[in-house]
1. With +1 on each Lys and Arg Cβ and -1 on each Asp and Glu Cβ, how big is the dipole of the chain about its Cα centre, in debye rounded to the nearest 20?
2. Lysines within cross-link reach of Lys81: Cα-Cα under 18 Å, excluding same-chain residues under 8 positions apart?
3. Could you compute the FRET efficiency for Arg53 and Met88, with r as their C-beta to C-beta distance and R0 at 25 Å, rounded to 0.05?
4. Can you compute 3J(HN,Hα) from phi for each residue in region 429-444, using the Karplus curve 6.51 cos²θ - 1.76 cosθ + 1.60 with θ = phi - 60°, rounded to whole Hz and x for Gly and Pro?
5. Please report the antiparallel percentage of DSSP beta bridges with both residues in the chain, rounded to the nearest 5.
6. Please check: in the Gaussian network model of the chain (C-alpha springs, under 10 Å), which one of Ala186, Ala240, Ala132 has the largest mean-square fluctuation.
7. Can you compute the FRET efficiency between Glu245 and Asp66 using 1/(1 + (r/R0)^6), with r the Cβ-Cβ distance and R0 = 41 Å? Round to the nearest 0.05.
8. Run the reach check for Lys123 against aspartates and glutamates, Cα to Cα strictly under 19 Å, same-chain hits fewer than 8 apart removed. What comes back?
Amino acid sequence: MDFPQSISQPNNPSSARRLPPAPTSASIRELVRDPLKFFVSIASEYGDIVCYRPAPDTAYLINHPDFVRHVLVDNNRNYTKGTSSNQMFNKVVGEGLLTSEGETWRKQRRMMQPAFHHTRLEKLDGMIVEAAQSTVERWERFYADDQPVDIAREMAALTMTVTTRALFGVDLGDEVREVGEIVNRAASYLEKPSHPRLIQSAAELSDVVKRIIQQRKRDFKDGGDLLSSLILVRDEKTGAAMDDEQLRTQIMTLILAGYETTASALTWTWYLLSQNLRALDHLRRDVREALNGRPPRYADLDNLPYAQLVLDESLRLFPPAWTLGRRAIVEDEIGGYYVAPNTIIAICTYALHRHPVFWDRPEVFDPERFSPQNSMGRNKFAYVPFGAGPRQCIGNNFGLMEAALVLACILQRFELHLIPGMDVQPQPLFVLRPNRDLMMSLHP
Ligand code: HEM
């Protein structure tokens, strides 16, 4: 990766202290009540950069791909991840790859990147397929009893199994199950940052993860899992290995960053497919033609291009990471407007992915808009479900591979239809979640 080494500053910022338009204080109340509606509506009413003041900060919503590129790529060194939610994450989990800064982050990223190399990811396909198939087997009973499944809950359980097995391998039975149970509990407290039970769950999780690390190190063999990679890795500059505390922080970070995001992506994909039966049909046909009934492998993903388009479009409409936050270090200028030091910069991916200048009929689900032909000429920073620049998601290929394999495995046996009459809305919590249980009926 090649990124500027110094923070670039505007030519003469103090002479141009023009501030972006700001909505009235009345609409700030909407920020707390319904942040998605707030961001979409201030962007459409006030433009591509809007100032709002969530006390005690001043914040700018930026909703133009060029501004996104400026903050995440071109001048990324001027923007830290020092927002209140990241500070909370640091307190609960420790300073892992998601929230660390500067030299600490650079070193962590250098050490963790190899664990996500495709040669390691492609070894995880069998495990993912097995987990998806056992979900399908469990659903046979629901089908026989004519019972619907709660797809959000099912996808959460499945991605938790996949995440823990990817991190720890398959043979740590009980302790890995314990991790899953604690994280599921913690996830329900995550929306209330200072919730005492969240702190308690984090401490419990920390204990199990520590035990697993020690156990694994005692009789070490490379199981191809991510923990093995992290135990084996040596810093190319210093030759140092990660100590137990670093391993614990990174493992907890990967669990929290990887599990709910992928569960959310899959949940919304099933929802969208259930509302767009032609796309569902297209996908099912592709799966049948590419696989002929046999279980999918990593190598098959190239032959399932429509699955990729469907996932891209689902991540556009319902990006699990619905907002990205940064804080300016020194003053800057964005789109001709002055940015004071400490200003919060918010990128609402949910709003950006609906920008009418960059997306034709933005509310319509149309996977074909991501075909190579239709993507030509589109500003690539109009679509950032995994972020961009040096802090881009390290697990993006893993998440996409997992989601595509799960879609294929399930579609080989069942189609899912939403129980009619449900009004489903996105709820912006830690990730974007449906506001209600998503009950779906199974059709062979
Ligand atoms: C569909 C699934 C996923 C989505 C939508 C997603 C989204 C994101 C986004 C938007 C960021 C950048 C945040 C920012 O710039 O502020 C990010 C960072 C990150 N993600 Fe993901 N993610 C997904 C899956 C995963 C998985 C499976 C893992 C790990 C197993 C993972 C681990 C991470 C980590 C460690 C970072 C921080 C990277 C850094 O700062 O160097 N993510 N993710």
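1. Values: 51 positive and 55 negative charges, 168 e Å.
Here the size comes out at about 800 debye.
2. Lys91, Lys107
3. Numbers: r = 21 Å, r/R0 = 0.82.
Taking R0 as 25 Å, the efficiency between Arg53 and Met88 is 0.75.
4. 9, 3, 10, 6, 10, x, 7, 7, 4, 9, 7, 10, 8, 9, 10, x
5. Values: 23 of 26 bridges.
Here the antiparallel bridges make up roughly 90 percent for the chain.
6. Looking only at Ala186, Ala240, Ala132, the biggest GNM fluctuation is shown by Ala240.
7. Details: r = 41 Å, r/R0 = 0.99.
Once the sixth-power term is evaluated, E becomes 0.50.
8. List returned: Asp171, Asp222, Asp225, Asp300, Asp302, Glu402.
Every read-out reported here was derived from the displayed coordinates using simple, explicitly stated rules and does not represent laboratory data. The shown structure was predicted, so the numbers you read here are calculated from the model rather than taken from an experiment. Don't worry about glycine lacking a Cβ; one is built from the backbone with ideal geometry, like all the others, and counts go over all protein chains shown.
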